[in-house]
Amino acid sequence: MHVVINHDPTAPGEALNIWYRVGSADEQPGATGFAHLFEHLMFTGSAQVAASEHLSLLESIGGSANATTSFDRTNYFETVPPGALDLALWLEGDRLGSLTISDESFATQREVVKEEKRQRYDNVPYGDLQDLMIELNFPQDHPYGHLPIGSMADLDAATPDQARAFFARFYRPNNAFLTLSGPVDPQQALASVRRYLGDLDPGPVDRQPSCGLPRHEGVPTLEVTRPAPSSMVHLCWRTPAYAERDHLVVEQALAVLASGQSSRLPDLLVRQTQIADSVGAGDFSLSRGVSLAVLSARVAPGHSTEEVSEALVSEVARLCDEGPDQAEIDRINAGFDRSWLSRLASVDERADEISSMGCLLDDPGQINTLLGTIHAITAEDITAAARHWLAPEHRSVLIYNAQEAR
């Protein structure tokens, strides 16, 4: 197991953050949703901890715990008062070494996940938006060809034995990255890690290989009509994977276009022409050979998706042709600095960033160099990346029409 200890004597609590290199991209066709299901199963008890006791034990001392799942990883995190780190490590070690997956707990948590899918994806406006983006931009058999929530059919067909095999395959110490942050004594903390996790069998780990994709050609387009408050336009591009330097440059290009109300697209589409109610951009930060950037706009009443789409494409083309000016670079750098330093100020978010860089980049030390890397990106870098990765001819288009009320 990879371990980083971030000693911070000024922090009010101690954070434990563990990332497992397993996400929905590691699932097999017909067996989707297991990575996210384990976000729930990991709290159902182990050899020395009864179901629900993991959370209750931490909460009884004023601590907290949670977990998240994505395409490339699943992470679990706790924050406890100073001096209580051994409890958190013991809990992590016990469930990693002896997780209990009974038929009853499996059935219960599967129903919890299915209900989550209904509430977050199936029965809310725009609930299928990410699913449509994935359908448009990734082949169905690609590791990123489905969302982490999985499908109802696959969840219904899932069995406890499949879950146990999934756990044995991916939940291994050598498939994990652990960060401890806060007023922890490094030597004592490392000794505790060895005590509670050091004897666990690492075992083999079989991960899906990277699977890059070429840029889009021919502007693939998907148009749907759904009950929703407003129509939306989404321009998408296949972009560099998370570990590649150009990933950061593409994110800077997206920031020039749509980060903050004074950036190009919100200023033009929302404030000046008022053809859109909002504009946003971001990258999925996927790590296995390819990622996905999305530029989105919510169409204002009285305007059309065609009008908004044309305006978005025109501004992207202008960035490709002209690049950003220095004032724009200064603005996006200042915004990044503010957001990044604010995140590092929190002991639990800092631990999460260290685990992220360790797990996905194999280099947790990049947390100390990221600001310098960002500030070293030039206008010429952004222009070149925009021309290559965000060129209008390499986009795909998702039109999400709002269904008129009857």
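Can you tell me which residue is farthest from the chain's Cα centre (by Cα) among those in the stretch 111-132 that are open to solvent by less than 40 Å² (accessible area, probe 1.4 Å) and closer than 25 Å to residue 165 by Cβ? Only one residue fits best here, namely 114.
Exactly one condition in (1) open to solvent by less than 30 Å² (accessible area, probe 1.4 Å); (2) in contact with a Pro (Cβ under 6 Å, 6 or more places away or on another chain) is false for residue 295; which is it? Every condition holds for residue 295 apart from (2).
Among helices (runs of 4 or more DSSP H) lying entirely in the stretch 103-170, which contain 2 or more residues that are under 30 Å from residue 226 (Cα atoms)?
103-117, 129-137, 152-157
Of all residues in the stretch 335-365, those that are closer than 21 Å to residue 68 by Cβ, assigned to a helix (DSSP H, G or I) and under 20 Å from the mean Cα position of the chain (by Cα) total 21.
The one condition from (1) touching a helix residue (DSSP H, G or I) at 6+ places or on another chain (Cβ under 7 Å); (2) under 29 Å from residue 147 (Cβ atoms); (3) surrounded by fewer than 21 Cβ atoms within 10 Å (Cβ to Cβ) that residue 279 does not meet is (3). Taking the criterion of being touching a Gly at 6+ places or on another chain (Cβ under 8 Å), in a helix (DSSP H, G or I) and open to solvent by 20 Å² or more (accessible area, probe 1.4 Å), no residue of the stretch 31-50 qualifies.
Taking the criterion of being of a type in the set (Ser, Thr, Tyr) and either assigned to a helix (DSSP H, G or I) or touching a strand residue (DSSP E or B) at 6+ places or on another chain (Cβ under 9 Å) (or both), the only residue of the stretch 366-378 that qualifies is 373. Contact annotation: residue pairs with Cβ atoms under 6 Å, 6 or more positions apart or on different chains, pairing a residue in the stretch 94-108 that is under 22 Å from residue 157 (Cβ atoms) with a partner that is basic (Lys, Arg) and open to solvent by 40 Å² or more (accessible area, probe 1.4 Å), are 101/164.
Which condition does residue 362 not pass, out of (1) loosely packed, with under 15 Cβ neighbours inside 10 Å; (2) farther than 30 Å from residue 22 by Cβ; (3) of a type outside the set (Gly, Ala, Ser), if it passes all the others? (2) is the only condition that residue 362 fails. From the list 343, 338, 318, the one residue that fits, being more than 30 Å from residue 77 (Cβ to Cβ), open to solvent by 50 Å² or more (accessible area, probe 1.4 Å) and of a type in the set (Lys, Arg), is 318. Being under 25 Å from the mean Cα position of the chain (by Cα), of a type outside the set (Ser, Thr, Tyr) and open to solvent by 60 Å² or more (accessible area, probe 1.4 Å) is the filter here; which residues of the stretch 174-223 pass it? Passing the criteria: 174, 206, 207, 209, 214, 215. The set of residues from the stretch 230-261 being farther than 13 Å from residue 319 by Cβ, in a helix (DSSP H, G or I) and open to solvent by 10 Å² or more (accessible area, probe 1.4 Å) comprises 245, 246, 248, 251. No other residue among 14, 59, 78, 53 is exposed (fewer than 15 other Cβ atoms within 10 Å of the Cβ) and farther than 18 Å from residue 164 by Cα apart from 59.
The conditions of being assigned to a loop (DSSP other than H, G, I, E, B), without any contact (Cβ under 8 Å) to a residue 24 or more places away in the chain, out of contact with any Phe, Trp or Tyr (no Cβ under 8 Å at 6 or more places or on another chain) and not acidic (Asp, Glu) are met by residue 28.
The values are calculated or read from the model by the stated rules, or taken from the named source; none is laboratory data. The structure presented is a predicted model; accordingly, all values stated were derived computationally and were not measured. Virtual Cβ from ideal backbone geometry, glycine too; neighbours counted across all protein chains shown. These accessible areas exclude ligands, DNA and RNA; they are computed on the full protein's heavy atoms, side chains included. Shrake-Rupley method; radii C 1.70, N 1.55, O 1.52, S 1.80 Å.
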